[in-house]
Amino acid sequence: MSRLKYGWWLPVLAVFVVFPLVEKNPTYTTIGVFALIFMGCATSWNMFSGYSGYINLGAAVFYGTGAYTMALLSNHLHVPGSGDQFWLVPVGGLVAMIVAVPFGLIALRVRRHTFVVITIAIFFVVQLSAINFSFTGGTSGLSLPLIPWLETNFNTPFYYIALGIVIFATLLSFAVRRSRFGLQLLAIRDDEDRASGLGVKVFAVKLTGFTLSAFAIGMCGALYAVFIGQIYPQFVFDPLFDISIALMAIFGGLGTLVGPLLGALVLESMQQYLTLQFSSSSLYLVIFGALFLVIVLFMPQGVVVYVRDLWTRHSLASDDDSTPMDPALSGSTSA
Amino acid sequence: MTTLLKVQGVCKAFGGLQALSSCSLNVEKGTIAGLIGPNGSGKTTLFNVITGYVKPDGGSVAFADQDITGAHSNKVFALGIGRTFQITRIFARLSVLENMLVATQRDESWLRGLTRSKSSKSEVAAAMEWLDFVGIARLAALSAGSLSFGQRKLLELAYILVADPDVILLDEPAGGVNLTLINEIAEKIRVLNKSGKTFLIVEHNMEFVMNLCDNVTVMHQGADLVTGTPAEVRSNPLVLDAYLGGSDVDDAEEAS
């Protein structure tokens, strides 16, 4: 059972590991790097927002913080444009976590729609600050040390580091789901007041989850900064980033482990590919719209949940031993 | 006999509505106390004040000689006061067993939750034992959202019990439940009471309250009106006035 459930991870991972060895065209490995960066972000975002139901539309704050941390540190510490910069990637994640604490302290006081609006508001405050402060370079952004690598192999280290972040985020998300802490997040999603009445320290749990989810997103931002070489406030603090990772998680299945990975892989690869093919960068929005119409209409809980339900129904139908549940318990009325 | 739960002069207003005005209540250790009163008399608000969901404007709540006025709901639970809700509140998308596990940690530090797995063997065993006690153990793997209304009531009772609280506050345990299950619930409460649990029960079903409770407090317009044994309360003219607005005494006796 568990082998069947987890056994397919390994071949999938093998495909991801082998991809840059087989595919040498930088156009496609670039798509690979972006897809992985978004897979890491969506998984990490889902670890808090998917499990707890607190839809955070300000996650770009973590991403941008990671990117600016990388840019500022590599410039001020005079890190040469080489692999050395990668050591600063986890630092980007840590700084994002530090930023997440006051962010969470404010936003997590409110729930549901109000929480969503507050996260958007905080996001714009941070974006405006990045545009207006002098140490961020304002609208002209910051340049990172140039990396003098050959074009043919340039993407490979980025690809594997991004893959490492994705694996880390997925394992963390998995561990959280298996832990008591994850159960508490899920309980908060279903009924926060009831959870509190059963001894769950709801605010501490929410803040911890929120802060934890910032780490991998911050690392992705830091890696992105090195990859791109020049960052601008409107691109690292990008409202489209906020919406994209939420949509990716919802596309695949909010609160599931595989959903955000699948959603990010499909949507980000598609977006990058379509932008390259049809240069008019807005065509992908039309296709996205149509795709989401299909998801919302036919698989409102996401692709992964839809497929899993199909599979469960299929295996129940073929399983003759399945004992029928007693329809009613003695003395209980219908729901 | 020692007083386990002591509510003194609690006041609470919601805007212009005085939900509680100087309400006092004592629950003795090892008893089943009843709380009755017309709709809107403040019973549930009093529950909310005791369990930390609503902060009172004045007055005090003490549990086992410890002041818990305005304490947060998770702390109140950790100290040993469990409650159910009038409209049952369960975690609909978690399994029945997971619902039970949420409550097992009581006063565990929140950091500990990060480093340990969802449950230990002994916690699952305890959870299954209590599910078995209320009679829904075979539903443990189902998602709680698929339970019927009566089963949800039982689950809510079971996950309070798993944390082993000293006092259990039940908000209309017999509300919207058929007669067989009402008797079953009453029987469970008696068994638990014998094993040392103290109860405070809000209920509109008079037969249920009068048969089960050692003491009954009647609330009226946010204050405690009368406290006494079921027999005393039943014959008190003030109570009849509160409930029936001073109408015929014979009708009231028939109803009880």
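Within segment B:69-127, can you find the residues that are assigned to a strand (DSSP E or B) and basic (Lys, Arg)?
Across segment B:69-127, the qualifying residue is only B:83.
Counting only residues that are small (Gly, Ala, Ser), give me the helices (runs of 4 or more DSSP H) lying completely in segment B:136-233 with at least 2 of them.
Once the helices (runs of 4 or more DSSP H) in segment B:136-233 are filtered for at least 2 residues that are small (Gly, Ala, Ser), what remains is B:149-161.
Hey, residue B:98 hits all of (1) surrounded by fewer than 23 Cβ atoms within 10 Å (Cβ to Cβ); (2) at pLDDT 85 or above; (3) more than 7 Å from chain A (Cβ to nearest Cβ) but one; which does it fall short on?
(3)
Name the single residue, out of those in segment B:206-248 being modelled with pLDDT under 80 and at positive phi, that is surrounded by the fewest Cβ atoms within 10 Å (Cβ to Cβ).
The selected residue is B:245.
Taking segment A:135-183 on its own, how many of its residues are assigned to a loop (DSSP other than H, G, I, E, B) and surrounded by 14 or more Cβ atoms within 10 Å (Cβ to Cβ)?
So the count comes out to 7.
With crowded, with 22+ Cβ neighbours inside 10 Å, over 27 Å from residue A:204 (Cα atoms) and touching a Phe, Trp or Tyr at 6+ places or on another chain (Cβ under 9 Å) as the only criterion, which of B:154, B:170 stands out?
B:170 is the lone residue from the list that is crowded, with 22+ Cβ neighbours inside 10 Å, over 27 Å from residue A:204 (Cα atoms) and touching a Phe, Trp or Tyr at 6+ places or on another chain (Cβ under 9 Å).
Name every residue in segment B:72-92 that is under 24 Å from residue A:52 (Cα atoms) and either free of Cβ contacts under 8 Å to residues at least 60 places away in the same chain or surrounded by fewer than 20 Cβ atoms within 10 Å (Cβ to Cβ) (or both), in order of residue number. Walk me through it before giving the result.
Taking segment B:72-92 first, the residues under 24 Å from residue A:52 (Cα atoms) are B:72-78, B:82-85, B:87-92.
The answer is B:72, B:73, B:74, B:75, B:76, B:78, B:87, B:89, B:91, B:92.
So residue B:170 clears everything in (1) of a type outside the set (Asp, Glu); (2) over 30 Å from residue B:61 (Cβ atoms); (3) away from chain A (no Cβ under 12 Å) except one condition, right? Which one?
So the condition that residue B:170 fails would be (2).
Among the listed residues A:249, A:317, which satisfies the condition of being over 30 Å from residue B:182 (Cα atoms) and either modelled with pLDDT of 85 or more or surrounded by 19 or more Cβ atoms within 10 Å (Cβ to Cβ) (or both)?
A:249
Output the qualifying pairs, or none if there are none: Cβ atoms under 7 angstrom, residues six or more apart or on different chains, first residue in segment A:225-242 and in a strand (DSSP E or B), second residue surrounded by 24 or more Cβ atoms within 10 Å (Cβ to Cβ) and small (Gly, Ala, Ser).
Hits for this filter: A:231/A:67; A:231/A:71; A:231/A:225.
If residue A:136 passes every condition in (1) farther than 22 Å from residue A:10 by Cβ; (2) within 14 Å of chain B (Cβ to nearest Cβ); (3) hydroxyl-bearing (Ser, Thr, Tyr) but one, which one does it miss?
Single failed check for residue A:136: (2).
Let me confirm something: among A:82, A:52, which residue is under 27 Å from residue A:187 (Cα atoms), touching a residue at least 60 places away in the same chain (Cβ under 8 Å) and among the hydroxyl-bearing types (Ser, Thr, Tyr)?
Checking each option against the conditions leaves just A:52.
Specify which of the listed residues (A:302, A:229, A:218, A:259) is touching a helix residue (DSSP H, G or I) at 6+ places or on another chain (Cβ under 8 Å) and under 30 Å from residue A:80 (Cβ atoms).
That would be A:218, the only listed residue that is touching a helix residue (DSSP H, G or I) at 6+ places or on another chain (Cβ under 8 Å) and under 30 Å from residue A:80 (Cβ atoms).
The values are calculated or read from the model by the stated rules, or taken from the named source; none is laboratory data. Just so we're clear, the structure is a prediction, and the values are computed from it rather than from any experiment. Don't worry about glycine lacking a Cβ; one is built from the backbone with ideal geometry, like all the others, and counts go over all protein chains shown.
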